[in-house]
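Trainee: Structure incoming, see below.
The values are calculated or read from the model by the stated rules, or taken from the named source; none is laboratory data. Keep in mind that this is a model prediction, so the values were computed, not measured. Neighbour counts are summed over all protein chains in view; Cβ atoms, including those assigned to glycine, are modelled from backbone coordinates with ideal geometry. Ligands, DNA and RNA are stripped out before the accessible areas are found, and what is left, the full protein with its side chains, is counted by its heavy atoms. Shrake-Rupley method; radii C 1.70, N 1.55, O 1.52, S 1.80 Å.
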There are 4 protein chains.
Amino acid sequence: MAGSSFGTIFRITTWGESHGPSIGVVVDGCPAGLFLSEEDIQMQLNRRRPGQSRYSTPRNEADRVHILSGIFEGRTTGTPIAMEVINETQRSKDYSKIANSYRPGHADYTFDQKYGFRDYRGGGRSSGRETIGRVAGGAVAMKLLEQLGISITAYASSIGPVTANTFCPEEIDNNPFHLPDAKAAAMAQEYVDRMMEEKESSGGVIECRIMGVPAGLGDPVFEKLDANLSKALVSIGAVKGIEIGDGFAAAHAVGSENNDSFYINEDGNTAKKTNHAGGILGGISDGDTIIVRAAVKPTPSIFRPQQTISRNKEPMELTIKGRHDPLIVPRAVVVVEAMCALTIADSLLLNMTAQMDGVLRFYNK
Amino acid sequence: MAGSSFGTIFRITTWGESHGPSIGVVVDGCPAGLFLSEEDIQMQLNRRRPGQSRYSTPRNEADRVHILSGIFEGRTTGTPIAMEVINETQRSKDYSKIANSYRPGHADYTFDQKYGFRDYRGGGRSSGRETIGRVAGGAVAMKLLEQLGISITAYASSIGPVTANTFCPEEIDNNPFHLPDAKAAAMAQEYVDRMMEEKESSGGVIECRIMGVPAGLGDPVFEKLDANLSKALVSIGAVKGIEIGDGFAAAHAVGSENNDSFYINEDGNTAKKTNHAGGILGGISDGDTIIVRAAVKPTPSIFRPQQTISRNKEPMELTIKGRHDPLIVPRAVVVVEAMCALTIADSLLLNMTAQMDGVLRFYNK
Amino acid sequence: MAGSSFGTIFRITTWGESHGPSIGVVVDGCPAGLFLSEEDIQMQLNRRRPGQSRYSTPRNEADRVHILSGIFEGRTTGTPIAMEVINETQRSKDYSKIANSYRPGHADYTFDQKYGFRDYRGGGRSSGRETIGRVAGGAVAMKLLEQLGISITAYASSIGPVTANTFCPEEIDNNPFHLPDAKAAAMAQEYVDRMMEEKESSGGVIECRIMGVPAGLGDPVFEKLDANLSKALVSIGAVKGIEIGDGFAAAHAVGSENNDSFYINEDGNTAKKTNHAGGILGGISDGDTIIVRAAVKPTPSIFRPQQTISRNKEPMELTIKGRHDPLIVPRAVVVVEAMCALTIADSLLLNMTAQMDGVLRFYNK
Amino acid sequence: MAGSSFGTIFRITTWGESHGPSIGVVVDGCPAGLFLSEEDIQMQLNRRRPGQSRYSTPRNEADRVHILSGIFEGRTTGTPIAMEVINETQRSKDYSKIANSYRPGHADYTFDQKYGFRDYRGGGRSSGRETIGRVAGGAVAMKLLEQLGISITAYASSIGPVTANTFCPEEIDNNPFHLPDAKAAAMAQEYVDRMMEEKESSGGVIECRIMGVPAGLGDPVFEKLDANLSKALVSIGAVKGIEIGDGFAAAHAVGSENNDSFYINEDGNTAKKTNHAGGILGGISDGDTIIVRAAVKPTPSIFRPQQTISRNKEPMELTIKGRHDPLIVPRAVVVVEAMCALTIADSLLLNMTAQMDGVLRFYNK
């Protein structure tokens, strides 16, 4: 089944394995006339690149993007934009152990069950490198959203047991965890350092705020905006939960608390006094900031010995070697932004056809 | 945008408003030869029907389903199965208030923003009655899954602040909340009674266990099984959060806790010692029980006066009349099961094409 | 596989068998605010209704349509429009012969091969009655196109060996064949009368002109407008060939003949001196009249004895009883219009997202 | 709109322009375990490569394919197969004339209308080089079909006014036109030579025979096999008409001629005495040879002066320079095969879910 595409009108198709010759994405359906350069893409890829702090694997790759199609004289042409990043680390290392065992928390076993065998080198298709295609595609979507005054900011709202208590946007890129709270960042550092000493790994929560989205995006009853954002985020490896607005806290609240009252703000516009809904009502954006959260599990690759089985169904002890990020959250922040951008861009384009008035205006009738 | 379809191979398309002549669904892509009767569908619809406890609106409708196509001599023919439920309550009541105001927590405002106007009678398309189509379609999926030994059980894991502490399957249908814990049910009753007295409403969490799913379902990287389950559940009105397996708790755990060790069980099969992953690894089912949870917000219709605005952008106080469920959870349990059944059925069919061996065997080559 | 839907944004899903309780369609993705009444739909259904001339089966059904959803106060709401026509002729007649034999030229054998069995009553899903859903859905599309000044006219360009030599629009509904040429109509009448005497049936060609389509519709490279029109028309039972513009004649022409020169017309607009291309260049509409043709095979139900086999693989002679149209063309004319309307409507909506300028203008940026 | 993908389960996404850095395709949904090498792809690409006879442009490119993902140890892994061909001819030549004029018969005008501007170098996305992605993707499909005993053979059935009268398979690759008739080939040579002298171009008809297809492929009522084959072929630039089986001749035939009688053949299998239907009944394959034909218009690039207009709406005379194929047919033969292979492969996979029996057998229930 063709599972590597995302989106209806603005659609990406990603391809590539960790240790294949290259990895990439095709962006199809981007409107023509958007100014777009390799630098726009590279900027986002640099944010997910490994080796930027001691909390990320030093697989040192430039991850330089090449645009292969779809751009002419600096602008998108409306035809597919193909982008490629060469995998520099293709060195043949000894994968015999990984080839024959099922790492706990990884997709080794399920890939074998589904496909009969798997490209085990570096995790193959289920490697985190797969997100390069998402980030490159998301960078195009973000460029489009910028033109419409929409901005997307993701950050860690918690790292393991440490939770951000303040939201200080300028702090986000000030610490390796992308926490918007300097104090929490210091505590997180202590915590993660301890985890690393203990050969453990840590999870966390990523929150994302999407500002400037016009009311009206999302298509009841199955293509609701929150439904598609949820699919987008849960499709990222390691994400095990999603919240929109108050999320699980809403389940414990009472109606009068949870309902957001409408009022007319100082600009004469409809607004809500609170935003428990996270900017989405009935699956349609309400014009307020969209707030989503993704729960990220701890990196499954830990350096402690683990009990597992081999492909031949024999029990074995496995000790993972090499270098692995002790936590996925910091590098996943940009992936969350990319997936949100892709979802919003598609929804924006789809929404243009919602009303006859809009259609008639478009065609000047 | 065509947003009323769900699924790729096994696909439903729902239609209908709360106060239109009827409401229904078309199930397309169901394999031919499945025994299916109106009674199979009715059984599920009866579970979502209102008026079954004092915690649900006494809109007293039989909600009797009619199968209009796709069945011949008791079996599905492979052609679309259309099903319809007549809306008995179409009485013209005075909707002028609802027509001109935006109820907090409802989709009135966003529907107007998206479509320019809306069918305001009883919530129109955003009414809970829309789930009739989902439940009827889900009943077909469930019938298919039964043949494969797959069973789905949803229940309330919490009602407002009350959380189930035990899992007693036979309790689930013993209390109006579908809590699997008699003690919690008693507490929930007390809590919800109080909420009703206070003209408040309550939220809760629905948990769903899917047993018997073979390993291999789900299609990386965007059509992952958990991504599609998340979309399916968040597409249900009032759902604001999703968890797979440990969900948000995983974000706070460390790697060695969260990883599920593989072992060979007494039957000689691959199994996991724990199931923090909730039966899905890398977006693919691992053969273990699939566990998902959905956070349901409190019913937005409360009987307290609320501040809001009119369609003409004038502030107003709104007091909702009529009868509304004080909590959505009990009647949403069957909807959660339906959406899970639809997702799993589609994924099962899609998975048949994953390996050449399977294709060759199918065509006897 | 879900094969009963057509379109991406403006999408129909049809359902129903010849002898089931009813037959219908769900139209999803129609923009909100389009004025639409049952009369708009009925008008088109009346055109395909049987019993209007001696060349069509006198199965005398009113085929009255009921709109079940998606309309409020006379306008589309943006939610799915479900429509239903009750099958009045469900009389149990003796189908044992048809049940056990494979009629030549019909889908009996292939349905059995695909699905294992079939609803044999009146052809089941492969009956011409299936087109009721198409025509009802197409009527909605046509209403939308009208608003944009687009009109669609289909007619017979040949009946068996008789070909129209003139194009007289007012003649089209003046003869039972929908030929735009009175002289040809007289000859066709003679021909078809003879065919009926000889217990034979006749084929023909339907031509369709679509006027007022703006340049720009169609999405290279696979969703080209002509590719989708071809799929739309070949999906009609009995259609065995398609031409766009000059069609097969182009294969025999030379370049200088076939190329249409551009010029600036008296209104200062770009135009073509000829229209060999049939209004589509590179899969995109060029603003000129779109011309397509569909070859329709003779009705497979003839009253002569035919050699065939039974379901049990035994040779047998079959003589079809009952009443059947001696030619399909006249009643298929409205179906061709419907499928063209559906294709153009979807393409019109999709085209709105082709340029950033259009997107920015739509969102007032 | 995302128009560069084809197929539902077995899906290709093509990308690339004539003069961009490279051109390629992503094949998603190919079952795992299929043996596949670059040589399998190259073999097909070599067949479409220019410069193989004096009737094709001598743009001398090796068109060497690189597989970038989806293959491990010689077999497909079930993940996307990305393939790339470097464009060697990217020389900056003077395109100012082509940039500012609308070539008759080309997509220059419609691309400008749709997207606002275009990559005019060598035709950009509407260049014949776009078919590289189709042929590479089709080569994967063909490899899959081979395993199931399905073979596809396309050839010219006419070149301009010259029609093949015999079908001699071994002749097909014996002449530069791929005519299966040596005598016709000699006449075609004479004809095309004359056309070249006269600075003209020629069209033709490509016929394709698909053998070994099991009965049952195709999904009523919109995803019929013939409907999808038609879409596939008309999506090829220059195709203006399609026939299935007898095609337009059926429109002139009578029922008793056109109906194919069923009988039991010497092997005890169901067969048809004739094959006017071209192997498809009711949109479903009947087990017989599938026969389709595509009408190909003459190459629009001719060396005679032509009247046209500039982008600025000024009349101008245009004389096309450079080298262009005097006819498209010979190099399109392999593209027709590729599109047929893609359609059949997708349909084969989709058909696996048609019956409960098949589903239960697959899952061993």
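Trainee: Counting only other chains, and only Cβ atoms inside 10 Å, what mean value do you get across the residues of C:282-290?
Mentor: Shielding by partners across C:282-290 averages 5.
Trainee: Could I ask something else about it? Given the alpha-carbon gyration tensor of segment B:268-363, what are the semi-axes of its equivalent ellipsoid in whole angstrom, ordered largest first, with each equal to the square root of 5 times an eigenvalue?
Mentor: 46, 18, 12
Trainee: Then there is this: Taking the alpha-carbon set of segment C:1-66, what are its Rg and Dmax in Å?
Mentor: 14.4, 41
Trainee: Using a 10 Å cut-off around each Cβ of peptide C:204-213, what is the average number of partner chain Cβ atoms that fall inside?
Mentor: That average works out to 1.
Trainee: Can you compute the radius of gyration and Dmax for segment C:75-142, using only the Cα atoms, both in Å?
Mentor: Cα radius of gyration and Dmax of segment C:75-142 are 15.8, 48 Å respectively.
Trainee: Okay, moving on. Could you work out the relative contact order of chain C, using alpha carbon pairs under 8 angstrom and six or more residues apart, expressed as a whole percent?
Mentor: Answer for chain C is 20 percent.
Trainee: Can I ask one more? Mind running the shape call on segment D:53-178? Use the C-alpha gyration tensor, a ≥ b ≥ c as the square roots of the eigenvalues: rounded below 1.5 for a/c, prolate if a/b tops b/c, oblate otherwise.
Mentor: Oblate, since a/c reaches 1.5 and b/c is not below a/b.
Trainee: Convert each backbone phi in segment A:283-296 into a coupling constant with the Karplus relation 6.51 cos²θ - 1.76 cosθ + 1.60 (shift: θ = phi - 60°), then list the ³J(HN,Hα) values in order as whole Hz, x for Gly and Pro.
Mentor: With the stated coefficients, segment A:283-296 comes to x, 10, 4, 10, x, 7, 4, 8, 10, 10, 9, 10, 8, 10 Hz.
Trainee: Go through C:Ser96, D:Ser18 and list them by solvent-accessible area, largest first, probe radius 1.4 Å.
Mentor: If we order C:Ser96, D:Ser18 from most to least accessible, we get C:Ser96, D:Ser18.
Trainee: Quick one: putting +1 on the C-beta of Lys and Arg, -1 on the C-beta of Asp and Glu, what dipole do you get for segment A:1-71 around its Cα centre, in Debye to the nearest 20?
Mentor: Using Cβ point charges on Lys, Arg, Asp and Glu, segment A:1-71 gives about 300 debye.
Trainee: Would you mind getting the accessible area per residue of the protein assembly as shown, heavy atoms of the protein chains only, 1.4 Å probe, in Å²?
Mentor: That works out to 32 Å² per residue.
Trainee: Turning to a different aspect of this structure: Quick one: with label points 7 Å out along Cα→Cβ, list the inter-copy distances for A:Glu38 in nm, shortest first?
Mentor: 2.2, 6.4, 6.7
Trainee: Hey, another quick one. Using a 1.4 Å probe on the protein chains only, how many percent of the accessible area of segment A:97-362 belongs to carbon and sulfur?
Mentor: Roughly 47 percent, rounded to a whole number.
Trainee: What order do you get for A:218-227, B:314-323 when each peptide is scored by the mean count of other beta carbon atoms within 10 Å, highest first?
Mentor: By packing density, highest mean first, the sequence is A:218-227, B:314-323.
Trainee: Tell me whether segment D:152-194 comes out rounded, prolate or oblate; compute the Cα gyration tensor, take square roots of the eigenvalues as a ≥ b ≥ c, and use a/c under 1.5 as the rounded threshold.
Mentor: Here segment D:152-194 falls in the prolate category.
Trainee: Name the residues whose placed amide hydrogens come within less than 5 Å of the amide hydrogen of A:Met316, ignoring near sequence neighbours (fewer than 5 apart) on the same chain.
Mentor: Result for A:Met316 returns A:Thr308, A:Ile309, A:Ser310.
Trainee: Right, something else. Could you tell me the extents of the protein assembly as shown's C-alpha atoms along the three principal axes, largest first, rounded to whole Å?
Mentor: Cα spread of the protein assembly as shown along its principal axes, largest to smallest: 85, 69, 68 Å.
Trainee: Then there is this: Order the following by accessible area, largest value first: A:Arg47, B:Arg64, C:Arg48. Probe radius 1.4 Å; ligands, DNA and RNA are ignored.
Mentor: B:Arg64, A:Arg47, C:Arg48
Trainee: Looking down the axis that turns C into B, which residue of C has the closest beta carbon, and how many Å out?
Mentor: C:Thr13, 2
Trainee: For the full complex of protein chains and a 1.4 angstrom probe, list C:Ser310, D:Ser53 by accessible area with the highest value first.
Mentor: Greatest to least solvent exposure: D:Ser53, C:Ser310.
Trainee: For the cross-link pairs D:Lys240/D:Lys321; A:Lys114/D:Lys240; C:Lys297/D:Lys240; A:Lys321/B:Lys224, which exceed 31 Å when the distance is taken from alpha carbon to alpha carbon?
Mentor: Beyond 31 Å between Cα atoms: A:Lys114/D:Lys240.
Trainee: Once amide H atoms are placed 1.01 Å from N in the peptide plane, what residues at a sequence separation of 5 or more from C:Ile280, or on another chain, have their amide H within under 5 Å of its amide H?
Mentor: Placed amide hydrogens put C:Asp286 under 5 Å from C:Ile280.
Trainee: What is the average number of partner chain Cβ atoms found within 10 Å of a Cβ in D:257-269?
Mentor: Per residue, the average neighbour count from other chains is 5.
Trainee: Let me ask you something else. Please list, in order along segment B:76-88, the HN-Hα scalar couplings obtained from phi with the Karplus expression 6.51 cos²θ - 1.76 cosθ + 1.60 (θ = phi - 60°), rounded to whole Hz, x for Gly and Pro.
Mentor: 5, 9, x, 9, x, 9, 9, 9, 9, 10, 6, 7, 7
Trainee: State the answer as a single residue: which of D:Pro161, D:Ile344, D:Gly78 lies farthest towards the positive end of the charge dipole of segment D:5-362, with beta carbon charges of +1 for Lys and Arg and -1 for Asp and Glu, about the Cα centre.
Mentor: Ranked along the dipole, the leading option is D:Pro161.
Trainee: Under the Karplus relation 6.51 cos²θ - 1.76 cosθ + 1.60, θ = phi - 60°, what is the ordered set of whole-Hz ³J(HN,Hα) values for segment B:15-28, x standing for Gly and Pro?
Mentor: Whole-Hz 3J(HN,Hα) from phi for segment B:15-28: 8, x, 10, 3, 10, x, x, 7, 9, x, 7, 10, 9, 10.
Trainee: Lys/Arg Cβ at +1, Asp/Glu Cβ at -1, dipole of segment C:274-365 taken about the Cα centre: which of C:Ile291, C:Gly279, C:Pro326 is farthest positive-ward?
Mentor: The one lying farthest along the dipole's positive direction is C:Pro326.
Trainee: Show me the ranking of peptides C:103-112, D:37-46 by mean Cβ neighbours inside 10 Å, starting with the highest.
Mentor: Going by the mean number of other Cβ atoms within 10 Å, highest first, we get C:103-112, D:37-46.
Trainee: Please identify the helices of chain B, taking whole runs of DSSP H, that span at least 27 Å along their own axis as judged from the Cα atoms and have a mean Kyte-Doolittle score of 0.0 or higher.
Mentor: B:329-351
Trainee: Also: Expressed as a whole number of Å, what is the distance separating the alpha-carbon centroids of segment B:1-22 and segment C:235-313?
Mentor: Their Cα centres are 34 Å away from one another.
Trainee: Let me ask something else about it. At 7 angstrom along the Cα-to-beta-carbon line, where would the label on B:Glu314 sit relative to the other copies? Give the distances in nm, shortest first.
Mentor: 6.2, 8.2, 8.3
Trainee: Another question, then. Hey, got the dipole for the protein assembly as shown? About the Cα centre, +1 on K and R Cβ, -1 on D and E Cβ, debye to the nearest 20?
Mentor: Dipole size: approximately 0 debye.
Trainee: Can you check what the net charge comes to around B:Pro180, using other residues whose Cβ is under 12 Å from the Cβ of B:Pro180 (Lys, Arg +1; Asp, Glu -1)?
Mentor: Residues close to B:Pro180 contribute a combined charge of -3.
Trainee: Compute the semi-axes of the equivalent ellipsoid of segment B:5-362, taking the square root of 5 times each eigenvalue of the Cα gyration tensor, and list them largest first in whole Å.
Mentor: Working through the eigenvalues yields semi-axes of 35, 26, 19 Å.
Trainee: Distances from B:Lys97 to the same residue in each other copy, label points 7 Å out along Cα→Cβ, in nm, shortest first?
Mentor: 6.7, 7.1, 7.8
Trainee: Would you tell me the accessible area of D:His19, worked out with a 1.4 angstrom probe on the heavy atoms of the protein chains, in Å² to the nearest 10?
Mentor: Around 10 Å² of this residue is reachable by solvent.
Trainee: Hey, another quick one. Which one, B:Ser53, B:Gly218, B:Leu144, projects farthest toward the positive side of the charge dipole computed for chain B from Cβ point charges (K/R +1, D/E -1)?
Mentor: Of the listed residues, the answer is B:Ser53.
Trainee: Using the Cα centre as the reference, give the magnitude of the dipole from point charges on the C-beta atoms of segment D:5-362 (Lys, Arg: +1; Asp, Glu: -1; all else neutral), rounded to the nearest 20 debye.
Mentor: For segment D:5-362, the charge dipole is close to 1380 debye.
Trainee: Using a probe radius of 1.4 Å on protein heavy atoms only, what is the accessible area buried between chains B and A, both sides summed, to the nearest 100 Å²?
Mentor: Roughly 8300 Å² of accessible surface disappears when B and A pair.
Trainee: For segment D:167-322, compute Rh as the Kirkwood radius over C-alpha pairs and then the Stokes-Einstein diffusion coefficient at 37 °C and 0.692 mPa s; write the answer in µm²/s, rounded to an integer.
Mentor: 175 µm²/s
Trainee: For segment D:1-129, what relative contact order do you get, as a whole percent, if you take Cα pairs closer than 8 Å and at least 6 residues apart?
Mentor: About 27 percent, as a whole number.
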